[in-house]
Every structure is written in C-alpha cells, then in structure tokens.
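Working notes, structure below.
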Amino acid sequence: MQTQQVLQQVVCFSLEEISLWGARKKLRTEDLKLTQGDVLPPKDLASLGSKKIFNPKALAKFEALKKRAHVACGRVGIRFMGGYAVPESVADDLAKELDAIGAEFDLAKSSFLANYEGELEAWIAKHPGWEQWIRAATVPVNEVKDRIRYGWTPAKVSTPDESNPESRLNQKMTKEAGGLAGRLFAEIGEMAQKVMEDSLLGKTKVNRRVLSPIRKIRGKLNGLSFLDKRVGPLIKAIDDTVAQMPGDAPIEGLALTALHGLILTLSDSERMKQYGQAILDGDPPSLSLGVVVPKVATAQANAPVVQSVEVVAEETILNNLFADTPIVVTPAQPVVAVEPVVVMASTTPVQEEVAVVAAPEVIASAETVTEEVEVAAVPVKPEPMVRVVEVVKDVEPAMPSMIPPPITATPFRRIRF
C-alpha cells in the first residue's frame, strides 16, 4: 500500500522520443588509402571505428537542447524506469518547459534541413582529397529528417498485481519504488558535491551566485519530501543557513563556514540520513555529525547549587587515615567556587553522619580540582554507605548559620580530594 501511495504522487516523464543523428558511418578497410605492404591489426585487437560524414558543429545545437530537457527533468525529479519520477505538483510546469525546449528544437531542425545541402558541400570542400570518400557515405536529407526527433511522454505508474504481494511483478515494482528515496539522497549528494568542487573548495570568499544551485537542491528536496521523512530537517537546515548569508556583500568568515558545513552534510547520502534522523529523534544535530559539545556547570544567583560527587565509605576513610598515600577523590564535573559550607551525607539504613567542612576557597577549572577537608573519626558499622549523594551548597551573604566544631585532641589527617 505504501508503494502505491508513492506512485500516486509522481508522474513519470520519458524522453525516449528524443533522437539525434550522429552523422557517422562505420569506417571500412577500403576507405583507407593503404599502400602495398600495409597491414591492419586483427579485428580482435583493434577496430577501425567510425568516420564523420557531416560537420559535427552543425549538429551541436540538437545535443544541447536534448541535454536541457534532461536537466529540466532531473532538477525536479529523479531517475526511474528509464525516465524521471516527477512530483505531481510540478508536473505541469515541467511539461511547459519541455514544450518550450521542443519549440526551439523544431526551429533548429527546420533551419538545419534547409541548409543541409550547403553544409554538406562545405564539409566536403574542407577535406580535399577525400571528396569521394565522404560522398559515398552521404545520407539523403529525408532520411536525416526522420532521424532527428524531439518528444516526451508522461505516464502514471501503478503496482501490477497489487492484490498479490507475493507475485514477482508486485515485488519488483515495490523494490523499484522503495529505492526512490535512496536515489533522491544519491542525486542530492552529486549536486552538492558539484557545488563544493566548483564554487567552495579552496575559496576564502565567494559571491551570492553560489546560492543558486543550493536553491535548486532545496526545490528538489521539497518536491520529493514525501519519499522520506528525513528530508524535512534537511530543508530546514538549508533555509536556516541561507538566512545567515549577508545581503549583497561577499560571503566569507563565519557565513562561509556555515555554508561549507551545509554542503558537506548534503554531499554524502549517509550523512544526510543521520542528520535528518537525529533531528527527528530530538537529538542535537551535533550528535549526528560526531561533534561533542562540553557541558559547563554554572551557578545561579540566590539559588542552591546541586552537584553530584562521589563520597568514599566511612570504613575506607578510617582505614586509610594513617596510610602513606592519601586518598584522592576526583569530582565528575568542575566544582563551582562557593562559600564554606557544611555537608551532611546520610541514608536511611545508616544513621551515622559524616561532617565534611569545605575549604575556604575552591577554584573551578577543567583540570582535577584539589580540595583539602578535615574528616573527624566516627564509629564504623558494617552496613555500606551510598556512593553518590546530592551535595547542596547554599551561598548566604550573612554570617554562617552553623558554628564550626571546637578543636579537640582527636587525631586526624588531611585528605586530598
């Protein structure tokens, strides 16, 4: 059913009716002026190729018009079944453009046929000594008229044998239609890669003309967005980036960097899919591109700061009070400088409390923070304590609300955290 819904939203355009005359004939051995003793290589080693029997420049106009027709279809559609799958919403506009190209083609054909004999004689005169060789391969003008044609055909495609999903016809069409999204990402990647190579690579400053192919990419994605839900975030990324570009000034600096990032994302199929999926999942775009943004802890004024720290069990502390190597506890995140506070750590199973008096000043940095604290000896019970607790630090402008304990003769040792 999903395949049928996709096919209902596209119109297939075929350009197979466009036919050009190559003005070439097969080169034969008798066409060459060989002297006695000249030997040609065997056929399984080399072939003679073809000979030009008409001025190729006189035919270049038709080749250019054929290319324009394919470019027009490829700008809004993607290749499908030998033609192009075009969104139904832009099918009428494409038909008008193809008709306009066809009108130019007909005018060029009429002019070419009217001057055919004259162009042929000019081509023969340009190659003296080979007149007979060219005249022997000449094609009559009426035959040339039939070989040069222009046309296009629209069609709506449906899934054959839709009631039987197990049939080969149904499976084949389902596979072809299911691959449309993949072709879309691949063709967008080719378009973006061309923008990178032609307009951005190695440049420190570009003009606004670079935005023209980017808008074409945006238009193609927008018309075919129904093929894959991940296309939507890509369209928004293009809009957001283009909105950052300066008015009439050259694009450089941060604006050029943003443009580079956009094209880099669009130039790779897998990168586009990862970016679109990350946005749909609610993740930051940086995650899809492998960028890790460091988190910085900040304290709000007149509000308690809650920070997770690792508290070593009482038994471990007491057993190591007189050890040769002091215990070092490294916080998981940088610590914010605050006034001296008293921290009480407790749990429901354990009724004992550990009083930790912070040092007068704590310096926050990206390196390991060293802090000296005094730990008083307390009774030990076998029940394990919680390893992680919430430490609440209140900054009060007034005098401390708690008086430090008096100095006793209880031995202690400073432990570095």
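Worth a mention:
- Each peptide in 148-161, 70-83 was scored by the mean count of other Cβ atoms within 10 Å over its residues; highest first, the order is 70-83, 148-161.
- Bridging of LYS273 to lysines at a Cα separation below 25 Å is possible for LYS172, LYS175, LYS194, LYS216, LYS220, LYS229, LYS236, once same-chain residues fewer than 8 apart are set aside.
- FRET efficiency for the ALA186 to ASP161 pair, using the beta carbon distance and R₀ = 35 Å, is estimated at 0.75.
- FRET E, pair LYS203, GLU117, Förster distance 45 Å, beta-carbon r, rounded to 0.05: 0.35
- Candidate lysines for bridging to LYS25, where Cα separation is under 30 Å - those fewer than 8 sequence places away on the same chain excluded: LYS33, LYS43, LYS51, LYS52, LYS57, LYS61, LYS66, LYS67, LYS109, LYS126, LYS145
- Taking Cβ atoms as reference points and 13 Å as the exclusive limit, the residues near CYS12 contribute a net charge of -1, counting Lys and Arg as +1 and Asp and Glu as -1.
- In this simple spin-label approximation, LYS126 and PHE226 carry label points 7 Å from Cα along the Cα→Cβ vector, and these lie 5.0 nm apart.
Just so you know, all these numbers are worked out from the coordinates, no wet-lab data involved. Everything numeric in this text was worked out from a predicted model, so none of it was measured. For neighbour counting, all protein chains shown are included, and Cβ atoms are generated from backbone atoms with ideal geometry for every residue, glycine included.
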